[in-house]
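Written out below as C-alpha cells is the structure these notes cover.
The values are calculated or read from the model by the stated rules, or taken from the named source; none is laboratory data. Worth saying up front: this structure is predicted, and the values here are computed from it rather than measured. Here the Cβ positions follow ideal geometry from the backbone for every residue, glycine too, while neighbour counts run over all protein chains shown.
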Amino acid sequence: MLCAGRRDNAQRLTALDEVSESLGLKLGQGLAEARAMFPQIDVVDEDEAADRALLEAIADWCDRYTPLVSLDGPSGLFLDITGCAHLFGGEEVMLKDILGRLFQIGFDVKGAISSSPALSWAACRFGDGGIIPQGVADEVLAPLPVEALRIDQGVAASLRKVGLKRIGDLLHMPRAPLARRFGMQLLLRLDQARGANEEAISPRRPVAALSAERKLAEPIAAEDDILELTGQVAISLKSGLEARGAGGRLFELVLFRIDGRVFRIAAGASQPLRDPQRISKLFCERLTAVHDDLDAGYGFELLRLNVLQHEAFQNAQGNFTGNNNGDVPLADFVDRVSARLGADCLQVARLKHSHVPERAEVFIPAIATWSPEDRAEELLAFFPNADRPLRLFRHPEPVEAIAATVPDGPPQRFRWRRILHQVVRAEGPERISPEWWLDPDNAQERDYFRLESDAGRRFWVFRRGHYLPGSAPTWHVHGIFA
C-alpha cells in the first residue's frame, strides 16, 4: 500500500511499504508514472494531521525511556538516552525493548544508538541501524550515499554530478575546496555525523524538575488504585523537594496504558506543596473531573508523577499544640475546587500599576497566587497614604452637581440616583492624570473629592474636565466609604 499527496502541483508518492520499495518505486515519484509501471498498486490519500497525531502519540509513549524526546520530521524521533540506558540493562537491551514493544503494538520500526544524532539518523535511514560503538563512525558512514548527511537535494545532486556519490568519497578530501564549491552546510553535516560537532536535541515537552515513577507487575484500571499509587509515589518526591528546599506548584500525573496510549493529568497548587496526602487529594479531584475522558482500557502499566514547577518552601514554626497548618484548610479548599472545576472558577483581585482607579486591579485565578500576607503588603506599598473607598464602582456613575465652587472647588449639593445629598464636609482635590497612551480619546484629568453628606454618608466624587467658556465639566461618583 502507498500514500500519495500533492507536491509541486502534482500527485506524488509520500509513503511506501516494503513491497513497494522492492518494486523499485521511490518517494516523490509521480503517481501517474507509478500507476503506469504497476497498475495493480493500491494507493490511498495521505492525511498529514493524522500522521502528525500518530507520531506525537508514539513520542508520548517513548517518554517511558527518557524525557528528552524530539520529533524528527514527519516520520522519525530522536531520543537522548544519556544516563538512562543503564536503567534498562544497557543500550542493547534498551534498543531491543523499544523495537520489540513497538512491533507488538503494530509498528515495524528501525532504530540506532550512537554518539551523535546525525550518525543515528544516517544509520536508520540508509543503513541497518543497531548499536554503533565509539570510533567506528567513518566505517559506518563510508558506504552510505551522500543523502545520509541530511543535506539539500540540490547539493546532493551537485555532488553526484562530479562523481561524489558516497560519504566515503568526502571523508579524505580537502575541506577548503568542498566548502567553496558546495557550501559550509556540507562540512557542518559531515562533522555532525562524525561526532566532531555537537548537535543539541530540543525536547518537545519541558523536562520535569523532579520525577518519580512506579512500574507495575500487573496493570491497574480502578481510580482507587491509581490514587493509592499516586500517594506512594508522592512520598518518594518529598525527599527530593526537601533537598531542594522547595515545594511543588504544578504537578503532572502521567499514566502509560498497556496498549501504548498515554494520559497526562495536571494539577496545580496555590502554595508550594510537599505533603503527599494533599498531592493525592489534588489528583482525586482531577480524576473526578476527567472521569469520562480517562479510558483505562486493559489497564495502566506505568505511573509517573512529575513536578513541573516548584518554588521555595517556607517552613513555619508550630504552636504549642504542634499545629502549624492554620492556613492549610483555605489553601486546600482553593486547590481542590480549582482542580475539579478549573483554574478560573475562583478568582481574586490583583493590583495593577495604573493611575486610573478602575484599571488598578485585575482578576486572576486564585490558584495562581494565594498569599493574603503578600497581598496586604502589596496594597500598602501601592497606596501608602491614599484614602480609597471601601467600595469602588466598576464604572463611575454620573451625578448632577449643584452650586459647585468655581474653578476647583467641590459641589455644595449633588443629586445621585434621584436623591439629593447636602455636602457638609469636603476634602480635595486629588488630581489623577489620564493614561493618554492607552486611551487617547478620553485623555481628561480627574479631580477627586472626599465628600460627607448631612446624613453621614461619605462619597468619592470626581470632576472630569474644567470650567471653560462654552463648556462645563462633568461630575461622577466613583465609590463609597465606610
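Tabulated values for the structure
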quantity: Long-range neighbours under 7 Å by Cβ, at least six apart or interchain, first residue of a type in the set (S, T, N, Q) within the range 132-161, second modelled with pLDDT under 95; calculated: 134/115; 158/182
quantity: Positions within the range 209-240 being of a type in the set (A, V, I, L, M) and in a helix (DSSP H, G or I), in sequence order; calculated: 226, 227, 229, 233, 234, 235, 237
quantity: The lone exception for residue 206 - which of (1) part of a loop (DSSP other than H, G, I, E, B); (2) in contact with a Leu (Cβ under 9 Å, 6 or more places away or on another chain); (3) free of Cβ contacts under 8 Å to residues at least 24 places away in the same chain it fails; calculated: (3)
quantity: Test for residue 88: is it more than 28 Å from residue 186 (Cβ to Cβ), of a type outside the set (D, E, K, R) and not assigned by TED's automatic domain parsing to the domain that holds residue 215; calculated: yes
quantity: Residues of the range 431-482 that turn out to be under 14 Å from residue 396 (Cβ atoms) and among the aromatic types (Phe, Trp, Tyr), as a count; calculated: 6
quantity: Flag for residue 173 being exposed (fewer than 15 other Cβ atoms within 10 Å of the Cβ), closer than 18 Å to residue 138 by Cβ and free of Cβ contacts under 8 Å to residues at least 60 places away in the same chain; calculated: yes
quantity: Residues that are surrounded by 14 or more Cβ atoms within 10 Å (Cβ to Cβ) and either in contact with a helix residue (DSSP H, G or I) (Cβ under 7 Å, 6 or more places away or on another chain) or of a type in the set (Gly, Ala, Ser) (or both), drawn from the range 98-114; calculated: 109, 111, 112, 113, 114
quantity: Strands (runs of 3 or more DSSP E) completely within the range 391-482 that count 3 or more residues being within 26 Å of residue 360 (Cβ to Cβ) and touching a residue at least 60 places away in the same chain (Cβ under 8 Å); calculated: 391-404, 411-416, 458-464, 474-480
quantity: Where residue 385 falls short, out of the listed (1) modelled with pLDDT under 75; (2) among the polar types (S, T, N, Q); (3) surrounded by 11 or more Cβ atoms within 10 Å (Cβ to Cβ); calculated: (3)
quantity: Unmet criterion (only one of (1) under 24 Å from residue 305 (Cβ atoms); (2) crowded, with 17+ Cβ neighbours inside 10 Å; (3) of a type outside the set (A, V, I, L, M, F, W, C); (4) not assigned by TED's automatic domain parsing to the domain that holds residue 333) for residue 189; calculated: (1)
quantity: Residue count, the range 445-482 (criterion: touching a strand residue (DSSP E or B) at 6+ places or on another chain (Cβ under 6 Å) and small (Gly, Ala, Ser)); calculated: 2
quantity: Sole residue being outside the structural domain of residue 361 (by TED's automatic domain parsing), under 45 Å from the mean Cα position of the chain (by Cα) and at pLDDT 90 or above, chosen from 434, 440, 396, 410; calculated: 396
quantity: The range 275-294, residues that are of a type outside the set (D, E, K, R) and either in a helix (DSSP H, G or I) or surrounded by 15 or more Cβ atoms within 10 Å (Cβ to Cβ) (or both); calculated: 276, 277, 279, 280, 282, 283, 284, 287, 288, 289, 291, 294
quantity: The listed residue being out of contact with any helix residue (DSSP H, G or I) (no Cβ under 8 Å at 6 or more places or on another chain), closer than 27 Å to residue 346 by Cβ and at pLDDT 90 or above, out of 251, 263, 283; calculated: 263
quantity: Filter result for residue 201 (in contact with a Pro (Cβ under 9 Å, 6 or more places away or on another chain) and among the hydrophobic types (A, V, I, L, M, F, W, C)); calculated: yes
quantity: Residue in the range 247-268 that is crowded, with 20+ Cβ neighbours inside 10 Å, among the small types (Gly, Ala, Ser) and more than 29 Å from residue 53 (Cβ to Cβ) present; calculated: yes
quantity: Hits in the range 1-42 - residues which are hydrophobic (A, V, I, L, M, F, W, C), over 37 Å from the mean Cα position of the chain (by Cα) and outside any helix (DSSP H, G or I); calculated: 1, 10, 23, 25, 38, 41
quantity: Any chance residue 105 is at pLDDT below 90 and within 35 Å of the chain's Cα centre (by Cα); calculated: yes
quantity: Which listed residue, of 122, 57, 118, is in contact (Cβ under 8 Å) with a residue 60 or more places away in the chain, surrounded by fewer than 19 Cβ atoms within 10 Å (Cβ to Cβ) and either out of contact with any Pro (no Cβ under 8 Å at 6 or more places or on another chain) or not in a strand (DSSP E or B) (or both); calculated: 57
quantity: Test: residue in the range 64-80 that is free of Cβ contacts under 8 Å to residues at least 12 places away in the same chain, assigned to a helix (DSSP H, G or I) and either surrounded by fewer than 17 Cβ atoms within 10 Å (Cβ to Cβ) or hydroxyl-bearing (Ser, Thr, Tyr) (or both); calculated: no
quantity: Only listed residue being exposed (fewer than 15 other Cβ atoms within 10 Å of the Cβ), more than 30 Å from residue 261 (Cβ to Cβ) and more than 32 Å from the chain's Cα centre (by Cα), chosen from 194, 181; calculated: 181
quantity: Conditions (1) surrounded by fewer than 16 Cβ atoms within 10 Å (Cβ to Cβ); (2) assigned by TED's automatic domain parsing to the domain that holds residue 331; (3) free of Cβ contacts under 8 Å to residues at least 60 places away in the same chain: number failed by residue 272; calculated: (1)
